[in-house]
1. Give just the number: which of (1) touching a helix residue (DSSP H, G or I) at 6+ places or on another chain (Cβ under 9 Å); (2) outside any loop (DSSP other than H, G, I, E, B); (3) of a type outside the set (Asp, Glu); (4) within 25 Å of residue 28 (Cα to Cα) does residue 331 not satisfy?
2. Please name all residue pairs, on different chains or six or more residues apart, with Cβ atoms under 9 Å, provided the first residue is in the range 197-217 and is polar (S, T, N, Q) and the second residue is in a loop (DSSP other than H, G, I, E, B) and surrounded by 10 or more Cβ atoms within 10 Å (Cβ to Cβ).
3. If you go through the range 287-296 one residue at a time, do you hit one that is aliphatic (A, V, I, L, M) and either within 15 Å of the chain's Cα centre (by Cα) or buried (at least 19 other Cβ atoms within 10 Å of the Cβ) (or both)?
4. Could you list all residues from the range 118-134 that are more than 24 Å from residue 249 (Cβ to Cβ) and either crowded, with 17+ Cβ neighbours inside 10 Å or assigned by TED's automatic domain parsing to the domain that holds residue 275 (or both)?
5. If I filter the range 194-205 for residues that are modelled with pLDDT under 95 and either surrounded by fewer than 16 Cβ atoms within 10 Å (Cβ to Cβ) or not aromatic (Phe, Trp, Tyr) (or both), do I get at least one hit?
6. If you go through the range 264-286, how many residues are part of a loop (DSSP other than H, G, I, E, B) and either among the β-branched types (Val, Ile, Thr) or within 20 Å of the chain's Cα centre (by Cα) (or both)?
7. Looking at the range 147-187, which of its residues are among the hydroxyl-bearing types (Ser, Thr, Tyr) and closer than 26 Å to residue 90 by Cα?
8. Test residue 51 against the stated conditions and say whether it is within 24 Å of residue 324 (Cα to Cα) and either at pLDDT below 75 or assigned to a helix (DSSP H, G or I) (or both).
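The values are calculated or read from the model by the stated rules, or taken from the named source; none is laboratory data. Quantities reported herein were computed from a predicted structural model and do not represent experimental measurements. Here the Cβ positions follow ideal geometry from the backbone for every residue, glycine too, while neighbour counts run over all protein chains shown.
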Amino acid sequence: MASDIQPRAPVSLIISHRREHHVSQDTPREFERAILSTGQAVPVLGDRVFPFLIGRSGWRLYRAATSALREERPLSLLGKLGRRGHYLAILMGPQLNKCLPYFAHAKRKSIYFFDAWPPFHAQIQQFAAHFSVDDLFFSSSQVADTFQRHDPSRRCHWIPEGIDPDEYRQLHYGKKDIDVLQIGRKYDAYHEQIVMPLHREGITYLYEVVKGQLVFPSREEYVQGLARAKISICTPSSTTHPERSGQVSTVTIRYLQSMISKCLVVGLKPPEMDLLFDYDPIIEIDREDPVGQLRHLLADFRSYIPLIEKNYETVRRDHTWSNRWKDMQASLEAAG
C-alpha cells in the first residue's frame, strides 16, 4: 500500500552568481557546498537582478510593485517563483540583495548570517520586517538573543560556525615549519609585545605585515599555511575590532580551522566556547609574559599534542557544517 506521506520539498538555496573570489566568501560557500551535498536543497542563482543593496524605501516599493503585478496577471517570471517554496540564503553580513527577487514571492524565507555586527542590526531588522522573513539564523549566540528580544514574534536561532574537515590539511608535527601564525586581523596590543622578541630569537612568526595584505594570497596557500603552523593565535573580533563588533564575542571559523589543521590554539576564549566544548580546547594568552609563554609552548610542544589531537577529533565529530545543517533542519521542522 502506497504511503500517503509526501516527501518534503527540498529547500531552494540561493547562491551567488558572481565569479570573483574573495577570502571573506570562502566560509559561506563552504557551508553552501555542505548543504547542497546532502541532496536536501537545490541551488538557485541570487543577486542577478539587484547587484546593489536596496535601501529601505526600495524594499517597500519593490515588494508593493511586484505584489500588484502578480495580482493583476501571472507574469512568467513571477509565476515561476510563485508564492510557494522555501528559500534560504547564507549571507556574510548584510548582503541582502542576494535574497532578491525570491524573497518577494516565497512562501517561506530563512537567512543564515555570518558577521551580523551591531552596526548592521537595524538594516537586517528592517529587511526581515519588510519581507516577513520567517527564520533568522546567526553564527553568534549574543546576536541571536538580541534579535529575539527585539522581535519576539520572529524565530531567531543560534547555529554556530562549522567546518568541512575535508577542505583542510594536516602535516606531521615534525614537518611544521611555522612556529607562530596570526592570520587576518591582528590583536595589535599582543602583536606589539611579541613581534620583535620572537624575531630576535629566530622564532618564525607570520602575520599581516601590511593591513589588508593577506598572509597567504591563495586558498591553497592558506590551507597549507595553517597545516604548517605549530601555534595559531586566535582572538574574537570584539578584541581586535571593537568599533565594528562591539561586545559581540563569538567562536569564528578561524578557531575551528586551526584545530582541524592540528595547530595549538593560543588566544582569548569567547564565552560560547564553553557551550561548544566540554573541556578547555585553547591556551589562554598570558598577558603578563606573552613571549615567555610562547617560548615555553614551543620548547614543550610535544606535551600539547594530546590536546591538539583531541581538538582535531572533536571538531571532526561535532563541529562540521553537516552537524550545523542538521541542527538548522531540526529548528525549521520544529517550527512547522
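1. With respect to (1) touching a helix residue (DSSP H, G or I) at 6+ places or on another chain (Cβ under 9 Å); (2) outside any loop (DSSP other than H, G, I, E, B); (3) of a type outside the set (Asp, Glu); (4) within 25 Å of residue 28 (Cα to Cα), residue 331 is out only on (1).
2. Listed by first residue and then by second, the contacts come to 204/177.
3. Going through the range 287-296, the residues aliphatic (A, V, I, L, M) turn out to be 291, 294.
Among the residues that remain, those that are also either within 15 Å of the chain's Cα centre (by Cα) or buried (at least 19 other Cβ atoms within 10 Å of the Cβ) (or both) are: 294.
Yes, the range 287-296 contains at least one residue that is aliphatic (A, V, I, L, M) and either within 15 Å of the chain's Cα centre (by Cα) or buried (at least 19 other Cβ atoms within 10 Å of the Cβ) (or both).
4. Initially, the range 118-134 is screened for residues more than 24 Å from residue 249 (Cβ to Cβ), giving 126-127, 129-134.
127, 130, 131, 133, 134, listed by residue number.
5. Pass one, the range 194-205, residues modelled with pLDDT under 95: none.
No; the residues of the range 194-205 include none that is modelled with pLDDT under 95 and either surrounded by fewer than 16 Cβ atoms within 10 Å (Cβ to Cβ) or not aromatic (Phe, Trp, Tyr) (or both).
6. As a first pass, look at the range 264-286 and keep what is part of a loop (DSSP other than H, G, I, E, B): 268-272, 277-282, 285-286.
Narrowing further to those that are either among the β-branched types (Val, Ile, Thr) or within 20 Å of the chain's Cα centre (by Cα) (or both): 268-272, 277, 281-282, 285.
The total comes to 9.
7. Narrowing the range 147-187 to residues among the hydroxyl-bearing types (Ser, Thr, Tyr): 153, 168, 173, 187.
Passing the criteria: 153, 168.
8. On the way: within 24 Å of residue 324 (Cα to Cα): no; either at pLDDT below 75 or assigned to a helix (DSSP H, G or I) (or both): yes.
The answer is no for residue 51.
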